[in-house]
Each structure stands twice: as structure tokens, then as C-alpha cells.
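Below is one structure, written out as C-alpha cells, with a few remarks after it.
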Amino acid sequence: MYDAIIVGGGPAGLSAALILGRCLRSVLVCDAGHPRNASSHALHAYLTREGISPLDFLQTARDELKKFEKVSIAQCEVTKATRRDDQFEVTLLDGRIFQSRKLLLATGVVDVIPKIHGIMDFFGKSIFNCPYCDGWEVRHQKLAVYGKAHRGLKLAKSLKTWSNDILLCTDGASGLSKEDCEVLERNNIQLVDHKIIRLEGDDGRLKKIIFENGDVSEREAMFFNTESYIRSRLLEQFECNFSEEDGVERGKYEKTEIPGLYVAGNILREVQLVIVAAAEGAQAAFGINSALAKEDLN
Ligand SMILES: Cc1cc2nc3c(=O)[nH]c(=O)nc-3n(C[C@H](O)[C@H](O)[C@H](O)COP(=O)(O)OP(=O)(O)OC[C@H]3O[C@@H](n4cnc5c(N)ncnc54)[C@H](O)[C@@H]3O)c2cc1C
């Protein structure tokens, strides 16, 4: 029986494992190995780690955990998680079953990538979804925003922090009102509502967007604002209040209303930065260790 099982070995889960390892707790991290930013060329906005490869960042975190003898990592998806008699039981895809006193879900979210032919050649290199992560690298450049209705409008306005040359592409009917279009005009944001047929560029660097009507726009980067969804269905296996938009309901130290169940990282739908996910993992670990210590004291 582990003190804690952590589902998800991204920044949130590994950060929690580090704190719990330092508290001499026995911990199993189960990770399916699909971190959200796997396509990204570089991690930004993490103090002291500016520009590191996201996969190197995670490998460094895993290497640092090796000195804690009671922390282990199972490179496998968790398919089932249950709670019975104050204990949790998780089942892995390969059939292994483990028990723990506390459970932390740090399973992240998945982005819905716009359906544009060839987009994956550019995703994470010059097509991004988070201006706070990648806006600075393309500051003052010719930027495109991909998004419909208010999502597109909101992102286009926010990109004005980084560039004055913004083209909002709605890839078909914009869903924008007359008032919305006036906002765009007042803020000098161009709007194109023709369908995009393809993207052109070299080596992951976007150069042109080709529209269905034959128009071509030279653009150096694109940001999109499509939806993302919670990656794992494990939350649904507990009667835990959560919504795709607002994340998981929880109290102090990321503790949910299910006794012993904690959550951390992007699943919370707070600021979606690695440094924040790591901090949330640390908070949850603090909560978990405090609860375990309290239970064990006479
Ligand atoms: C293209 C791109 C670029 C980005 N760039 C930056 C950046 O520069 N700076 C920044 O701060 N943020 C950036 N982000 C955001 C960053 O990726 C997230 O903030 C961060 O990954 C969240 O960490 P997490 O631990 O919550 O989730 P994740 O990193 O997604 O990790 C969750 C882990 O849980 C695993 N998992 C899920 N379900 C299960 C299961 N059932 N069983 C076992 N394992 C499971 C997944 O496989 C994954 O490994 C970027 C995102 C994208 C998409």
C-alpha cells in the first residue's frame, strides 16, 4: 500500500512526487506519457528554465526523483480508480493493481487542434495556443489568430499585447456581431472569414495562409483558441463536481470533496502555465502529507 498514488507525470504530478518524496512518503507516479506540451520546441515562462525543451524538463524532474527510494514511476495509463474503506485502488492498462491511502489526479488537458491541412508541421513551432507561453518570441511580427465568435475575438484582442499586426481568421462564418466587428476595427484588427485551405512555410516556420477564395496572407505565427478537454475520464469514476470549463471543485491544498482525493495542474483550469501546474502539485502534496501525518499521530 502506497501513501500516495499520483496519476499523471507532467509538471504537476512530478512536483507533487518531489515534495512527497522529501516527506519520506511512499509514492507511485503512473504516467501514460502524453504531456500537453510535447509538440512544443521550447518551454517559456518558467523561472530559471527559460527556453528548455519541455521533454528535457520532464526528464530532469524524473532524474531528480531517483534519489528518493520510496518514489517510483510506472510508465502506464491508469484505466480505473476507485475508493473503498478509506483506500484507493488503481488499475493500470497492463492489468497491474495498486492501493494507496491518498490519490492525486494530475492528468492534464488535451487541446483540440484546428482542422487545417498540415497544421501539425507548425504546431509548437510557429502555431501556438498560449500567448503567455510563446507570444514574446513572435513579438511585433505578423500574427494570425484562429478562432470563431467570442473565442477568436478575445484572443485577437489579447494578442495586441504582443503585436499591432493581427489578422483574425474565422475559417468560415465568423459568428461575430456588428458590435464585435466594430471592436475589431477600433483596435485595428483585420478580419478574414474565408475558409483556410492550407498553410505554407519551412521547417515549422509559418509563412503564408492560403484562403479558399485565392487570397494569400503572409503571417509569421498563428495562435488558436479552440477548446481543450480534461484528458482523463478518471474524475468521472468519483462523484466529484467538475466541469470542462471550470475544472474541478476543490478546497484548500487542492483537496476535492472526496476524502483523500486531490487534484493539481491544468485539470484545475487555472492559469495554464507549467510553473503554476508545478506549484499546484506542490500544494496538493503539502495537503496530502499534512493529512497523512495527522492520521498517523496519536
Ligand atoms: C504547444 C504548447 C506549448 C506550451 N508552452 C508552454 C510554455 O512555454 N510555458 C508554459 O508554462 N506552459 C506551456 N504550455 C502549457 C503546459 O503544457 C501545461 O501548463 C502543462 O503541461 C500542465 O501540466 P500538467 O502536469 O497539468 O499536465 P500535462 O503536462 O499534460 O501532464 C499530464 C500527464 O498525465 C498523463 N495522464 C493523463 N491521463 C492519465 C492516466 N489515466 N493514466 C496515467 N497518466 C495519465 C498524461 O499522459 C501526461 O503525461 C504549452 C502547451 C502547449 C499545448
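The values are calculated or read from the model by the stated rules, or taken from the named source; none is laboratory data. Model, not experiment: these values are computed from the prediction. Cβ atoms come from the backbone with ideal geometry, glycine included; neighbour counts cover every protein chain shown. The area values use the complete protein model at the heavy-atom level, side chains included, leaving out ligands, DNA and RNA. Shrake-Rupley method; radii C 1.70, N 1.55, O 1.52, S 1.80 Å.
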Practice task
Within the stretch 15-29, track down each residue that is within 22 Å of Thr91 (Cβ to Cβ) and either in contact with a Cys (Cβ under 9 Å, 6 or more places away or on another chain) or within 13 Å of the ligand (Cβ to nearest atom) (or both).
Solution key: Ala16, Ala17, Leu28, Val29
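Quick grid of which residues meet (1) assigned to a strand (DSSP E or B); (2) away from the ligand (no atom under 14 Å from the Cβ); (3) outside the structural domain of Pro11 (by TED's automatic domain parsing):
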residue	(1), (2), (3)
Pro35	no, no, no
Ser40	no, no, no
Leu55	no, no, no
Asp63	no, yes, no
Ile73	yes, no, no
Cys76	no, no, no
Val90	yes, no, no
Arg101	yes, yes, no
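What number of residues within the stretch 104-119 are over 9 Å from Ser228 (Cβ atoms), aliphatic (A, V, I, L, M) and part of a loop (DSSP other than H, G, I, E, B)?
To start, the set of residues in the stretch 104-119 that are over 9 Å from Ser228 (Cβ atoms) comprises 104-108, 113-119.
Next cut, aliphatic (A, V, I, L, M) only: 104-106, 113, 116, 119.
Adding the requirement that they be part of a loop (DSSP other than H, G, I, E, B) leaves 106, 113, 116.
Qualifying residue count for the region: 3.
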Problem - Scan of the stretch 267-293 for residues that are of a type in the set (A, V, I, L, M, F, W, C), touching a Ser or Thr at 6+ places or on another chain (Cβ under 8 Å), closer than 19 Å to Arg25 by Cβ and buried (at least 20 other Cβ atoms within 10 Å of the Cβ), ordered by number - result: Ala278, Ala285
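Residue by residue through the stretch 14-41, note down the ones that are of a type in the set (Gly, Ala, Ser) and modelled with pLDDT of 95 or more.
If we filter the stretch 14-41 for residues that are of a type in the set (Gly, Ala, Ser), which is where we start, we get 15-17, 21, 26, 32-33, 38-40.
Those that are of a type in the set (Gly, Ala, Ser) and modelled with pLDDT of 95 or more: Ser15, Ala16, Ala17, Gly21, Ser26, Ala32, Gly33.
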Handout entry: Condition met for Ala4 (more than 8 Å from the ligand (Cβ to nearest atom) and open to solvent by less than 40 Å² (accessible area, probe 1.4 Å))
Key = yes
Fill in the blank from the handout: With criteria (1) under 24 Å from Thr91 (Cα atoms); (2) out of contact with any Ser or Thr (no Cβ under 9 Å at 6 or more places or on another chain), Asp296 comes up short on (1)
Handout entry: Flag for Ser243 being under 21 Å from Arg36 (Cβ atoms), out of contact with any strand residue (DSSP E or B) (no Cβ under 8 Å at 6 or more places or on another chain) and either more than 16 Å from the ligand (Cβ to nearest atom) or open to solvent by less than 40 Å² (accessible area, probe 1.4 Å) (or both)
Key = yes
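For the subset of the stretch 47-62 comprising residues that are farther than 25 Å from Ser232 by Cα and not small (Gly, Ala, Ser), which member is most open to solvent (accessible area, probe 1.4 Å)? Reasoning before the result, please.
First, pick out the residues of the stretch 47-62 that are farther than 25 Å from Ser232 by Cα: 47-52.
Those still in the list that are not small (Gly, Ala, Ser) too: 47-50, 52.
On the way: Leu47: 137, Thr48: 112, Arg49: 96, Glu50: 115, Ile52: 42 Å².
Of everything passing the filter in the stretch 47-62, Leu47 is most open to solvent (accessible area, probe 1.4 Å).
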